[in-house]
Each structure stands twice: as structure tokens, then as C-alpha cells.
Amino acid sequence: MQKKVLIIGTGLGGLTTALRLSSRGYEVEMVEKYHRAGGRLNLLEKDGFKFDLGPTFFSMSYEFQELIKDCNIPMPFEFVELDPLYSVHFEGDKRSYLIYKDLKKLALEFQHLEPDFEKKIKKFLEAAGKMFHDTEDIVIKQNFDSLAQYLLKLTTVPFKHAPKMFYSMWREMERNFESFEVKVIFSLVGFFLGSTPFDTPAVYTLLNYTELVHDGYYNVKGGMYKIVEGLLPELEKRGVKIHYNTEINDFAEQNGRITSFADTSGKIWEADQFVVNADAAWFRGAILKRAAFSEEKLDAKKWTLAPLTIYLGLDTKIPDMYHHNYFLRRNFREYAGKIFKNKIKLDKPYYYVNIQSMHNPEYAPPGKESVFILCPVPDLRFKADWSDDDEIADAIIQDMSDRTGFDFHKHTETKIILNPEHWKNMFGLYKGSGLGLAHDLNQVGGFRPKNKDEKFGNLYYVGASTVPGTGLPMVVISSRLVTERIQKDNGLIS
């Protein structure tokens, strides 16, 4: 008899889990709080302009290749490899630095700053690569039934990598490079994890290897939402039904199993198995009322920075900027140490700018430009009042204008600002945290909220705040891990 799975949430983790399970013969139904699928991987449209709502690039493209092979479908979207990867602008510098995958080109960018850069970066990336390949299959792509099992698995990782678990990414930069600029640029991957290089363990320098050597970064032809738009027809072919504007707020259980969930309208949603693509830690506390995941307990955990996002539709094209740009300052250590807890003014923040219509012209009307700005900011635990979001956004736009020589204010035709409160309300992000739980050593692997519920035998989790972690390829891996769990418990249906 066919078994039914209800998936709560249609982020990338939920969609890819639905595809895997429906390919294995399960009947799948999905409910979604937002008005369309994708979660943070979504699309914003206004006045003829389009914007990627959240993610603007991804790495580890081979995880999507694994997904389509697993589900026996054609690739539903087209990769566009980025090279150079991004541009970095430091306050006070007249030039910017282009980060190339070609190490000889990259060395030319830093020849005046870092003696023997090519030799140093090769040595650094070789060590990062060994760490990546020694841990990817052992730790990242595994389910763990207990903390003891996870810790035992860690003992199989070569001991030479162990010290990097106990000192920071920034310390690893100091061991390999001399110039401030080089150390900052190659520790930006710590910010990609929603943290800082001073708080992120040195083991995560393996991400430098994935960006520069192993696979690089990719955009999608036609915009990032094409990933979602490509997956939806495949789900429709398999009879997967999606119900939007549906928020789950209650559940019923019997004999150690969930029997149903209820939404805010009182509608009951029944199934044999349930998969939650909402935040795995928040859901356990807010919906299941677990004491271990109370607001007090969750507030004590480390969460990733929140997003303040700005979307600009410009009436003209921008000269002399790259697709992906980081705008940084010289107070790196002070800023990183104070930004999390709102102990530094946000009048001169660090931010990322994506000129979206540069690679995807259809994102803006002819002759115009679509621009996405992301400023990582304190979450709602530390800054609850965002009535000043317009003021902060204007300061960022003015700073960008001053540093590029292009008047963004003058040429702005349309503007949208989303602060952490907006993000929390749209997608249920805990206190507005952009990427869920941080990747501290006591919040990864066996320490992270499990993808199978502790109490209910037919309840599972997928997404950024469960294993293996945050980022588009990680949640695709997460969908594979939760599918393995469900199959182990229930067998192959088809």
C-alpha cells in the first residue's frame, strides 16, 4: 500500500526531499506558509524588475547532479560558472581585487601585497583540499543515530586535521599570509556561513578549496529561481500537491507517532510520515513545545547573522562593477567582534552587492539595472527595533555611491527593503537569523538538531538547521540524508 508523506515547507530542502520520495513511490503532499515555493530561494518582482530574494550563487554543483541522477530526471536548469568569482572593495583603496580561480591571475591581483603569494596559496589550498576530502564522506554526508556514534566517526578522520577544530579561521589565515587584505578576503567564507572568521573554526577553510579549486561558484541562467521553477514541473508529474498560504500551528499524536498537523484555519493534515522543512530547532520549540527548544534555550544558542536586504531598480546601467561585489572596511576585527550583538553603529556596515541583470538581462527592463544588496546585521535578540531600516539602507546606498563614483540614489527607480523582522515573518526564521544555527563545533554533526525526531517515530526534518548544515548544496545533501532515514524506517515503496 502506498504511504503518504506530508512535507511542511517548500524550501529547497523540502522540494528536493519531495522529489526523492515521490521518485521512490511515496505519495507526497506539501504545505507552505508563503505564497509560492522556494523558501529563501525565491523571487521578488516590482515595476518590471526581478530580484533573487536570497541566495545569488552556489557551490558544489555536483550535488545537483547527484539529485537528478537519483531521481532519474534531466537537469531542470542551466549552470553558469563564475570566473572571476567576485570582486572585493576595501575602504580607501582606489582599486578592487578580482578573485580568480586561475591562481596565476589571482597572484597578479596581490603581487604588490603578498610576497610569494602563488606559492603560499597553493600550500594553503592543498591543506584545505586534504581536509575536505578526508571529511566530506565521513562527516558531512552521514546520518548519526547518537552523539556517541558521531564522536566515534570523528576518530576516523586523520588526526592531522584535529588542531584546526580548536582554533579560528582567522588564525589559520595568519599562519599562511601576511597582508591584511589577503587574510580578510580568504576568510570571507566565514561570513558565507553567517558567522565571522574569528568565531568560525579553521576546519572551514576547506570552503576555500571548494571555491577556488574543487568546483567554484555558479549562478543559474535566467536567475536563481529557475532552480525552483525547474523542480516544480517534475513534482507535478509525480502527482505532488502543494498548498500555499498554509501555516502549521498545531499537531496531534498517538502512541509515539504524529497522526496529523493542523493549520491556522483549523484544517487537519494527515499522513503516514511527516517531514518538516521549517527551522528544525524553532519547530521543536514553537510547534511541538519541547522544553529543550524553548525560547530561552534557543536564545542561548549561536545563530547566524540576520539579513538586511535592499533591492534597487535603476533607470540606467552601472559602469565598472562586477556581478558579485563585497564592500569592506579596515576595522575588520572590531566590526566582526561587535556586529553580532549590535555593539557597533550600522552607519558604515560591511555589505555585499549583486548586479543581477548583468548576467541575467531579463531581470531588468532594457537599458536598466537590477541590484541586490545584502548587509549581515544583528538578529532580533540584539536589535529588536528596525524602524531605522530606511536610514541604514540609505547610508549603505550613499556609501556605495561614494566608493564607486556612481550615484545610486539619483538613478533609483524602485526600492524595496526587507529587515530581519520581515524575514522572520515571511519564512519563520528564528529571530530573523538568515541561515539558521551557526556552525560552531558544538552545533555541527551529532550536536546539530537531528533529522529524525527524538520522540515521534514518523517525524523527520530537512534544511539548514539540521544536518549537515546551511547553504544550497548542504540542504540538497540534507534531503538525501532524510530520505535515507525514511527508507530505512519504511522501505522502498515503488
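Quick notes
Condition check ((1) closer than 20 Å to G13 by Cα; (2) free of Cβ contacts under 8 Å to residues at least 12 places away in the same chain; (3) out of contact with any helix residue (DSSP H, G or I) (no Cβ under 6 Å at 6 or more places or on another chain)) across all residues:
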position: R257; (1), (2), (3): no, no, yes
position: G266; (1), (2), (3): no, yes, yes
position: V276; (1), (2), (3): yes, no, no
position: R284; (1), (2), (3): yes, no, no
position: F293; (1), (2), (3): no, no, no
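- Applying the criterion of at least 1 residues that are at pLDDT below 95, farther than 27 Å from Y326 by Cβ and in contact with a helix residue (DSSP H, G or I) (Cβ under 6 Å, 6 or more places away or on another chain) to the helices (runs of 4 or more DSSP H) found wholly in the range 132-227 leaves 147-154.
- Among the residues making up the range 454-484, those that are farther than 25 Å from S61 by Cβ and either in the same structural domain as L193 (by TED's automatic domain parsing) or not hydroxyl-bearing (S, T, Y) (or both) are E454, K455, F456, G457, N458, L459.
- Residues (modelled with pLDDT of 95 or more and acidic (D, E)) located in the range 309-325: D315
- All told, G54 meets the bar of being within 11 Å of Y225 (Cβ to Cβ) and in contact (Cβ under 8 Å) with a residue 60 or more places away in the chain.
- Residue in the range 77-92 that is under 17 Å from P233 (Cα atoms) and exposed (fewer than 15 other Cβ atoms within 10 Å of the Cβ) present: yes
- Checked against (1) touching a Ser or Thr at 6+ places or on another chain (Cβ under 7 Å); (2) farther than 29 Å from R40 by Cα, K153 passes all but a single condition, namely (1).
- Residues (in contact with a strand residue (DSSP E or B) (Cβ under 7 Å, 6 or more places away or on another chain) and of a type in the set (K, R)) located in the range 181-227: K221, K226
- Elements of the type strands (runs of 3 or more DSSP E) sitting completely within the range 24-85 and holding at least 3 residues that are closer than 21 Å to L207 by Cα: these cover 79-82.
- Residue identified as closer than 27 Å to G223 by Cβ and surrounded by fewer than 15 Cβ atoms within 10 Å (Cβ to Cβ) among P366, P420, P349, P376: P366
- Residue selected from the range 434-459 under the condition touching a residue at least 24 places away in the same chain (Cβ under 8 Å) and of a type in the set (S, T, N, Q), by the criterion surrounded by the fewest Cβ atoms within 10 Å (Cβ to Cβ): Q443
- Search result, residues across the range 160-203 that are of a type in the set (S, T, Y) and under 14 Å from T304 (Cα atoms): S195, T196, T200
- Some residue of the range 45-67 being closer than 23 Å to K452 by Cα and acidic (D, E): yes
- Only one of the listed residues (I248, I310, I227) is surrounded by 15 or more Cβ atoms within 10 Å (Cβ to Cβ), more than 24 Å from I373 (Cβ to Cβ), touching a residue at least 12 places away in the same chain (Cβ under 8 Å) and β-branched (V, I, T). That residue is I248.
- For R284, the conditions (1) assigned to a helix (DSSP H, G or I); (2) out of contact with any Asp or Glu (no Cβ under 9 Å at 6 or more places or on another chain); (3) basic (K, R) are fulfilled apart from (2).
- Note on the range 427-485: residues that are more than 18 Å from K301 (Cα to Cα), among the hydrophobic types (A, V, I, L, M, F, W, C), in contact with a helix residue (DSSP H, G or I) (Cβ under 7 Å, 6 or more places away or on another chain) and outside any loop (DSSP other than H, G, I, E, B) total 5.
- Unmet requirement for P233, which otherwise passes all of (1) touching a residue at least 60 places away in the same chain (Cβ under 8 Å); (2) over 24 Å from M426 (Cβ atoms); (3) touching a helix residue (DSSP H, G or I) at 6+ places or on another chain (Cβ under 8 Å): (3)
- Where a residue in the range 102-126 is more than 10 Å from S179 (Cβ to Cβ) and its partner, wherever it lies, is part of a helix (DSSP H, G or I) and of a type in the set (G, A, S), with Cβ under 8 Å and at least six apart: E118/A107; I121/A107
The values are calculated or read from the model by the stated rules, or taken from the named source; none is laboratory data. Quick caveat: nothing in here was measured; it's all calculated off a predicted structure. Here the Cβ is made from the backbone with ideal geometry for all residues, glycine too, and neighbour counts use every protein chain on show.
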